[in-house]
Amino acid sequence: MADRKEGIEQQPWTPTDLEIDVERESKLMQKMHMCIRKLENSDFYTTFLDQMETVEVLTYFLRILGSETKMQMVIYGIGSVESYDCPRLQLSFAILIKRKFDWIGDIEVFDPVLSTTETNALEALGCTVLKVNEQGRRQAVKPTMFFMPHCEAVLYDNLLHANWRSENLNQMVLFGNSFEKYEQYVSEFKNSVIVDSARFVLGVRRFSVEIVDVVSDEFFRAFHDSSWHFFKLDPQMELEFENLKTINCSTKEM
Ligand SMILES: C[S@@+](CC[C@H](N)C(=O)[O-])C[C@H]1O[C@@H](n2cnc3c(N)ncnc32)[C@H](O)[C@@H]1O
């Protein structure tokens, strides 16, 4: 299959504004600390942690870790943490689970909308902001948690395309929009635009285990329709690209 995303290069990136504003940074840090505290003390967070700590879910995480001690975290598409509540809550969640679980390693973050102020605040919170727009195409050559809350389908698709082999998929977990919901949407509305931008998302469904979101009224906007996606493939299995070409709106099974 021709690589339909060939030619998309990974571009060096810097924030568009280069202005350093110490006052804005300090306000943002205050907002972040408040947000982290609010989330940490919520029933929602407690329930979310309980879900992560069930034997079933912990077993999936441990399987990805294998003999490694750390699982790095890559955050794509966090959005503007200075402008909106949802990105702040999502980032707070990522920071809190890193603090909670010693097997979660370094956090790398990328979103092309990040400003210099946001980049500096993220670094002060212990994250590394990438200097390259990877277009979501990081290869999971070691255990990796991709934290991609409410991203566009094409970003999940780029990621899956870049990791379209059992060795890589078995080493990653993805937190993001429910792939099951994409599949339901496609079969219900026969939407060919989504099909085209989500071929790998739809194609990976048969190898995925999805742990659905914890429902919360208070934090609904930040976390609705989000799931943990784990992938379970026979290590010997060769994944094909050809089959994905045949997906069409009336075909649910691949
Ligand atoms: C629908 S928004 C979600 C923002 C935030 N997570 C939220 O829930 O409000 C998708 C985000 O993906 C970001 N994005 C677009 N291309 C990206 C890329 N190549 N790498 C990382 N993030 C990207 C956009 O800038 C945007 O902030």
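Here are a few things to note about the model shown:
- Neighbourhood charge, 11 Å Cβ-Cβ cut-off, centred on residue 81 and excluding it, Lys, Arg +1 and Asp, Glu -1: -2
- Dipole of the chain, positive direction: furthest Cα of 112, 81, 185, with charges on the beta-carbon: 185
- When the alpha carbon gyration tensor of region 21-245 is reduced to an equivalent ellipsoid, the three semi-axes, largest first, read 28, 19, 18 Å.
- Contour excess over end-to-end distance, with Cα ends at residue 132 and residue 70 and 0.36 nm allotted per residue: 20.0 nm
- FRET efficiency estimate (nearest 0.05) - Cβ-Cβ, residue 215 to residue 99, R0 41 angstrom: 0.95
- If both residues of a DSSP beta bridge must be in the chain, then about 40% of such bridges are antiparallel.
- Within region 90-117, backbone nitrogen closer than 15 Å to the virtual label 7 Å beyond the Cα of residue 51 toward Cβ: 90, 93-94, 97
- Relative contact order [Cα under 8 Å, 6+ residues apart], the chain, whole percent: 21 percent
- Separation of the alpha carbons by more than 22 angstrom is noted, of 70/98; 38/98; 27/131; 38/100; 70/100, for 27/131.
- Calculated FRET value between residue 37 and residue 139, using beta carbons and R₀ = 51 Å, to 0.05: 0.90
- Considering helices alone, the calculated mean residue ellipticity of the chain at 222 nm is -12000 deg cm²/dmol, with DSSP H runs of length four and up weighted by -39500 (n - 2.57) and normalised per residue.
- Taking the accessible area of region 21-245, probe 1.4 Å, and keeping the other protein chains in place, the carbon and sulfur fraction comes to 50%.
- For region 174-240: rounded, prolate or oblate by the Cα gyration tensor [a/c cutoff 1.5]: oblate
- Spin-label model, residue 188/residue 59: points 7 Å from Cα along the beta carbon direction are separated by 3.1 nm.
- Principal-axis tilt of helix 55-65 within the chain, Cα atoms, nearest 10 degrees: 90 degrees
- Accessible area expressed per residue, the chain, with surrounding protein chains retained (probe 1.4 Å, Å²): 49 Å²
The values are calculated or read from the model by the stated rules, or taken from the named source; none is laboratory data. Computed from a predicted structure; not experimentally measured. In this analysis, Cβ positions are derived from the backbone assuming ideal geometry, glycine residues included, and neighbour counts consider all displayed protein chains. Ligands, DNA and RNA are excluded from the accessible area calculation, which covers all protein heavy atoms including side chains. Shrake-Rupley method; radii C 1.70, N 1.55, O 1.52, S 1.80 Å.
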